[in-house]
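Below is one structure, written out as structure tokens; comments come after it.
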Amino acid sequence: MIDTLISSQTRLKLLLKFFLNPDSRAYLRGLETEFGESTNGIRVELNRFEKAGLIESETTGNKKFFKANIHHPIFGDIRNIVLKYLGFDKIIDNILNRLGELKAAYVVGDYAKGLDTGIIDLVLVGNIDKAYLIKKIDKAELLIKRKIRFVIYLEEEFNIEGLGENFIAIWKE
């Protein structure tokens, strides 16, 4: 649906990159490699976002890094649209809210980096009914048209440092 409203695939990729994970920073050549697109098209969209105040930039050495402007008045609205586009709202409503003793849920992998690859990786912490989870994931996958993979940790086994630097907390007790 959002791809109907936003016809530029580069613009859509940038929205996912910066508004899915607001801590994400990137520079032009890195985005070129990540998106597999020309720097020219990416630069045009970055300039539009920066002019609108939706992203900020800072220069470190000879690289200009970009990141979402979390203080922009519509930052939260754009982020919610991106989350709905990816189906995270359905994952939370249909799966996470009814799992029993769930303590925390994190998105890791490509989506945490802001890349829409079609596979959502979840890390779930708590004492969870795995059979119920699998049943709910099957239904959610049909709704969001993406594959969901998961790993479950008991609370005493979990160490947040093990997630690395690219993760998004989507649910906490």
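Laboratory data are not the source of any read-out in this text; all were calculated from the coordinates shown. Computed from a prediction, not measured in an experiment: that's the story for all the values here. Reconstructed Cβ throughout: ideal geometry from the backbone, glycine too, with neighbour counts over all protein chains shown.
In this structure, is residue 147 closer than 23 Å to residue 117 by Cβ and under 15 Å from the mean Cα position of the chain (by Cα)? It is true that residue 147 is closer than 23 Å to residue 117 by Cβ and under 15 Å from the mean Cα position of the chain (by Cα).
Condition check ((1) under 12 Å from residue 10 (Cβ atoms); (2) more than 20 Å from the chain's Cα centre (by Cα)) across all residues:
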position	(1), (2)
23	no, no
32	yes, no
38	yes, yes
48	yes, yes
60	no, yes
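For region 150-173, filtered to residues that are more than 18 Å from the chain's Cα centre (by Cα) and touching a residue at least 24 places away in the same chain (Cβ under 8 Å), the residue that is surrounded by the fewest Cβ atoms within 10 Å (Cβ to Cβ) is 173.
Restricted to helices (runs of 4 or more DSSP H) entirely inside region 18-125, those with at least 2 residues that are without any contact (Cβ under 8 Å) to a residue 24 or more places away in the chain are 28-35, 39-51, 75-86, 88-94. Identify all residues within region 126-173 that are of a type in the set (Lys, Arg), touching a Leu at 6+ places or on another chain (Cβ under 8 Å) and in a loop (DSSP other than H, G, I, E, B); write none if there are none. Within region 126-173, just 146 meets the criteria.
Go over the candidates 114, 87, 61 one by one and state the one that is in contact with a Ser or Thr (Cβ under 9 Å, 6 or more places away or on another chain) and not aliphatic (A, V, I, L, M).
On the way: 87 fails: in contact with a Ser or Thr (Cβ under 9 Å, 6 or more places away or on another chain); 61 fails: in contact with a Ser or Thr (Cβ under 9 Å, 6 or more places away or on another chain).
Criteria check complete, one pass: 114.
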